[in-house]
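Undergrad: Dropping a structure here in structure tokens format, bear with me for questions.
The values are calculated or read from the model by the stated rules, or taken from the named source; none is laboratory data. For clarity, every value in this text was computed on a predicted model and none was experimentally measured. Cβ coordinates were reconstructed from backbone atoms using ideal geometry, including for glycine residues, and neighbour counts include every protein chain displayed.
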Amino acid sequence: MVVTTLAYQEFVSGLGEVLAQAADLSAGDPVRLQQGGARLREELARAPLPEAVAAEVRQSLAARPAGQAYSVRSSSNLEDLASAAFAGQHDTFLNVIGTDEVLAKVKACFLSLWHDRAIAYRREHGFDHTHASMAVVIQQMVPCDVAGVAFSINPVNGDLGTIVVDANYGLGESVVSGEAEVDHFELDKATGTVKSRTVAAKSHMVVSSDQGTVDRVVDDAAACCACLSDAQLAELAALLVRVERHYRFPQDIEWGLLGGTLHLLQSRPITTIPPKWTRTSRPSVSPMSSRRLPGTSWRPDFTNLSTIPSASWTTRRSAGNGSPASVTTSMATRMPCDFMRDAPLSTSPTWRICWGRCPGCGRNTVGCRNCR
């Protein structure tokens, strides 16, 4: 389910004077940034979620199994641009159980658009604060045995033929936060074979608790063993190649393994690709170099979804970018793309519900650029 940017706009409706406080805040004055950001978020926190939006979230969650755990992920409309990533600047909450808790985390994600780092980053990169908006993705939680990140090219040296994987036991939070020792693998993209591996002495992992997550010590017997086998790495490489081909641009994904089943949790374009200069002095930065890079008129092709891999998908990808509805419902564990390909258009008379496709043009909501 996606609580889209229109729901956020409704949430901040009438709070223009509060948001305008951010205009005078910057990293150049960290004390003022910290105090002003805290005051801004405090005033926003007093505003309730729009009742109509909360009611639709409750109705959607009521159709799910009782006690279902969710991940609640922020997705700003300014994330993952060619010139700016906003990585780690907005909140994500894992293993959220209960409708009231989910709604509280949705609001917390809205407020995270105004974290001090996000305010300073927009100011530094010349983004107008009034153009920033937030969507929130509510996914079925996958309590992974092993999880991590993977890049379809080497993001450090730009090698197009190398896949890079970082992994640890438990949830991927220990990997993306950079707060734990993790295994590092480099794979040959053409064959999926391991070119190099660095097995870390993994001291702790993040796992689900009764509500939220908790750190756990890794068992001594497993700490110094690779958390992924060669066969699992080959499966992950094949999935990543398919994802890259689908989006037609190098991808940075979050993934997880549960009971031997590979789950794709998130995919985003790699926003910092080192240029590789050829003898003709032309930069080669993408295996799809005939395609225009982000920031131009290039766009992914969402019309042919039959080529998507058959692994189990629970994905988020830039849900804040141009989604026309404030709540989109799509939480099946197995998905061929970011949202349910075959879900029907909503019969709801309100504009808040869109079941997987844009009501303006009928295309997949993530791919739609015509109905912003």
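Undergrad: Is it the case that the range 200-211 has a residue that's acidic (D, E) and closer than 30 Å to V53 by Cα?
TA: Checked the range 200-211: at least one residue is acidic (D, E) and closer than 30 Å to V53 by Cα.
Undergrad: Tally the residues that are in contact (Cβ under 8 Å) with a residue 40 or more places away in the chain and either in contact with a Cys (Cβ under 8 Å, 6 or more places away or on another chain) or among the β-branched types (V, I, T) (or both), restricting the search to the range 192-205.
TA: 1
Undergrad: Give the residue that is surrounded by the most Cβ atoms within 10 Å (Cβ to Cβ), with candidates limited to residues of the range 5-16 that are in contact with a helix residue (DSSP H, G or I) (Cβ under 9 Å, 6 or more places away or on another chain) and modelled with pLDDT under 90.
TA: Top of the filtered list is L15.
Undergrad: Could you figure out which of (1) in a loop (DSSP other than H, G, I, E, B); (2) among the basic types (K, R); (3) surrounded by fewer than 18 Cβ atoms within 10 Å (Cβ to Cβ) isn't true of R216?
TA: Every condition holds for R216 apart from (1).
Undergrad: May I ask you to list the residues in the range 212-242 that are touching a Pro at 6+ places or on another chain (Cβ under 7 Å) and either farther than 25 Å from N95 by Cβ or not assigned by TED's automatic domain parsing to the domain that holds W255 (or both)?
TA: R242
Undergrad: Another question about this same structure. Do we find a residue being among the basic types (K, R) and within 18 Å of R123 (Cα to Cα) anywhere in the range 59-73?
TA: No, that holds for no residue.
Residue-wise test of (1) under 20 Å from T191 (Cβ atoms); (2) out of contact with any strand residue (DSSP E or B) (no Cβ under 6 Å at 6 or more places or on another chain); (3) not aliphatic (A, V, I, L, M).
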site: H204; (1), (2), (3): no, no, yes
site: A223; (1), (2), (3): no, yes, no
site: V241; (1), (2), (3): yes, yes, no
site: R245; (1), (2), (3): yes, yes, yes
site: R248; (1), (2), (3): no, yes, yes
site: I253; (1), (2), (3): yes, no, no
site: G259; (1), (2), (3): no, yes, yes
site: I270; (1), (2), (3): no, no, no
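Undergrad: If only one of I97, I153, I119 is over 17 Å from the mean Cα position of the chain (by Cα) and within 30 Å of A190 (Cβ to Cβ), which one is it?
TA: From the options I97, I153, I119, the qualifying one is I153.
Undergrad: Also, quick follow-up: For a quick check of your reading of the model, give me the residue pairs whose first member lies in the range 80-99 and is at pLDDT below 60, whose second is of a type in the set (A, V, I, L, M, F, W, C), with beta-carbon atoms closer than 9 Å and at least 6 apart or on different chains.
TA: Pairs that qualify, where the first residue is at pLDDT below 60 and the partner is of a type in the set (A, V, I, L, M, F, W, C), are D80/F86; D80/A87; A82/L293; A84/L78; A84/F127; F86/L78; F86/A118; A87/V176.
Undergrad: Modelled with pLDDT under 85 and surrounded by fewer than 19 Cβ atoms within 10 Å (Cβ to Cβ), is that true of G126?
TA: The answer is yes for G126.
To keep it simple, each residue is scored yes or no on (1) of a type outside the set (A, V, I, L, M, F, W, C); (2) more than 24 Å from the chain's Cα centre (by Cα).
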{"site": "A7", "(1), (2)": "no, no"}
{"site": "L15", "(1), (2)": "no, yes"}
{"site": "V18", "(1), (2)": "no, yes"}
{"site": "A27", "(1), (2)": "no, yes"}
{"site": "Q34", "(1), (2)": "yes, yes"}
{"site": "R39", "(1), (2)": "yes, yes"}
{"site": "E43", "(1), (2)": "yes, yes"}
{"site": "A47", "(1), (2)": "no, yes"}
{"site": "A55", "(1), (2)": "no, yes"}
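Undergrad: Considering V137, V164, V149, which residue is outside any loop (DSSP other than H, G, I, E, B), hydrophobic (A, V, I, L, M, F, W, C), without any contact (Cβ under 8 Å) to a residue 24 or more places away in the chain and buried (at least 18 other Cβ atoms within 10 Å of the Cβ)?
TA: V164
Undergrad: What is the number of the single condition among (1) in a helix (DSSP H, G or I); (2) at pLDDT 95 or above; (3) not charged (D, E, K, R) that C227 does not meet?
TA: Of the numbered conditions (1) in a helix (DSSP H, G or I); (2) at pLDDT 95 or above; (3) not charged (D, E, K, R), the odd one out for C227 is (1).
Undergrad: Taking the range 17-36 as the search range and keeping residues that are loosely packed, with under 12 Cβ neighbours inside 10 Å and at pLDDT 85 or above, which one is nearest to H125 (Cα to Cα)?
TA: By that ranking, first place goes to V31.
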